[in-house]
Each structure stands twice: as structure tokens, then as C-alpha cells.
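Participant: Encoded as C-alpha cells, here's the structure I'll be asking about.
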Amino acid sequence: MTRSGRRPGPTATRADILAAARAQFGAHGYRGATIRGIAAEAGVNPALIHHFFGSKEQVFVAALDLPVRPDVVLATVMDGPRERTGERLLRLFLGLWSAPESSRSFLALLRSVSSNEQAAGMLRQFLERAVVARVAQALDVPPLRATALAAHLLGLAMARYVVRVEPLASAGEDEVVALVAPVLQQYLIESTVDEQ
């Protein structure tokens, strides 16, 4: 009698899906890649991708080994009073850079996007659509402000963790939060200027 279901033993399906996702995102960018295209390249049913990863953005996060999921960022941003959003976001960011596993992933990602236009394009599309646009919409701020906030965080990461500029590199987390969180909060305050 033939058994149905998954065969016993290790499976390479998840790895095959991630390889196919990298190929699809590389060929078509974040916008152009689809779950169906990834499934076709991996030789699996699209439902299996949803089973392993959930959404297209979660496949992207796994394929590029991103150390943070956009839904976690959004939940952190929205969990608490509006006037402390900059602080919550900054503490999440600093925590990710302080953890050895995620900081290694961030460093690898920064090296990839700074030396490879295709990788930079994929990450740019992903950040624009899955992170910046969602945060801007959730907080009802213009996308320009959300993008400026993201740029501020990226600059902070480069100075503190990559280039290690002192005294910022050795400053305590609370010191950095006291200095930078109010600036981040300014990006989230309503503006009287009509911004796009």
C-alpha cells in the first residue's frame, strides 16, 4: 500500500524554495517576484510556500536572511503612546544591532547592498513597500518623513556599528536613546508643510 503525505527523512523543500526565491527576487526585484513564480521555479505548489513562510514579504526576509520582520516593526511602532513611538522604534533597532545573530545579518546585508546594485534594488523596493509605506500609513505621516526616519536610523547604524565612530560607538543604549529618540519623534509629528 502506498502512503500519502510527506516522505520520512530530511527534506530539501524549504531550501529549494529559498533558492528559488533568491533567483526570482534577483531576476524580477521585490515588486516583480510572485509566490507563483517562486513556486514554479522551486517545483512546488504555492500553498507550500504559504505553509513554510506565510507571505511574500516573509519569504523575502527569509531568502535574504533579514534580521527583522516588518510586522514586528509595525507592531512595535503601534504598541504604545504616539509620543513615545520614536523611542520604541529606536530601542528595537538598537536591540537588533546589539544581538550577535542579527548584527551579523545586518552587516552582511549592508555589505551586499553597498557593492551590488541588484541587491540594493531588491532591498530598496522591499523597504519602500513593506516597511516605510506601512509605517507611514499606520502613523498617518507622509512617506518622506518615514523615509527620512529610516535614513536617520541607517546613518546611526553606520556610525555606531560599522565605522564605530567614538564616542557614539561606546555610548550606552540609554544615552543614545536620550539623544536620538527626540529627533526621530520629530519625523512623526504632523507638519504644516504639504509633503508628498
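Participant: What ³J(HN,Hα) values, in whole Hz, does the Karplus curve 6.51 cos²θ - 1.76 cosθ + 1.60 give for segment 175-180 when θ = phi - 60°, with x put for Gly and Pro?
Facilitator: Once rounded to whole Hz, the list reads 5, 5, 4, 4, 7, 9.
Participant: Using alpha carbons only, how many angstrom separate the centre of segment 29-53 from the centre of segment 89-122?
Facilitator: 24 Å
Participant: Next question, about the same structure. Putting +1 on Lys and Arg Cβ atoms and -1 on Asp and Glu Cβ atoms, find which of Ala159, Asn116, Leu139 reaches farthest to the positive end of the dipole of segment 66-190.
Facilitator: It is Asn116.
Participant: Each residue of segment 41-58 in order: what ³J(HN,Hα) in whole Hz does its phi give by Karplus 6.51 cos²θ - 1.76 cosθ + 1.60, θ = phi - 60°, with x for Gly and Pro?
Facilitator: In residue order, the calculated couplings are 5, 7, x, 10, 6, x, 4, 5, 5, 4, 5, 6, 10, x, 10, 4, 5, 6 Hz.
Participant: Take Val162 and Glu175, extend 7 Å from each Cα along the Cα→Cβ direction, and tell me the distance between the two endpoints in nm.
Facilitator: Output for this residue pair reads 2.3 nm.
Participant: What relative contact order, as a whole-number percentage, does segment 11-63 give when Cα pairs under 8 Å and 6 or more residues apart are counted?
Facilitator: Value for segment 11-63: 41 percent.
Participant: So what is the 222 nm mean residue ellipticity for the chain from helices alone, if each DSSP H run of at least 4 adds -39500 (n - 2.57) and you divide by all residues, rounding to the nearest 500 deg cm²/dmol?
Facilitator: Here the helix-only value at 222 nm equals -20500 deg cm²/dmol.
Participant: Just how large is the dipole of the chain about the Cα centre, in debye to the nearest 20, putting +1 at every Lys and Arg Cβ and -1 at every Asp and Glu Cβ?
Facilitator: Here the chain has a charge dipole of around 960 debye.
Each value in this text was obtained by applying a stated rule to the coordinates, not by laboratory testing. Just so it is clear, the structure is predicted and the values come from calculations on it, not from any experiment. Note that each Cβ is placed from the backbone with ideal geometry, even for glycine, and that neighbours are counted across all protein chains shown.
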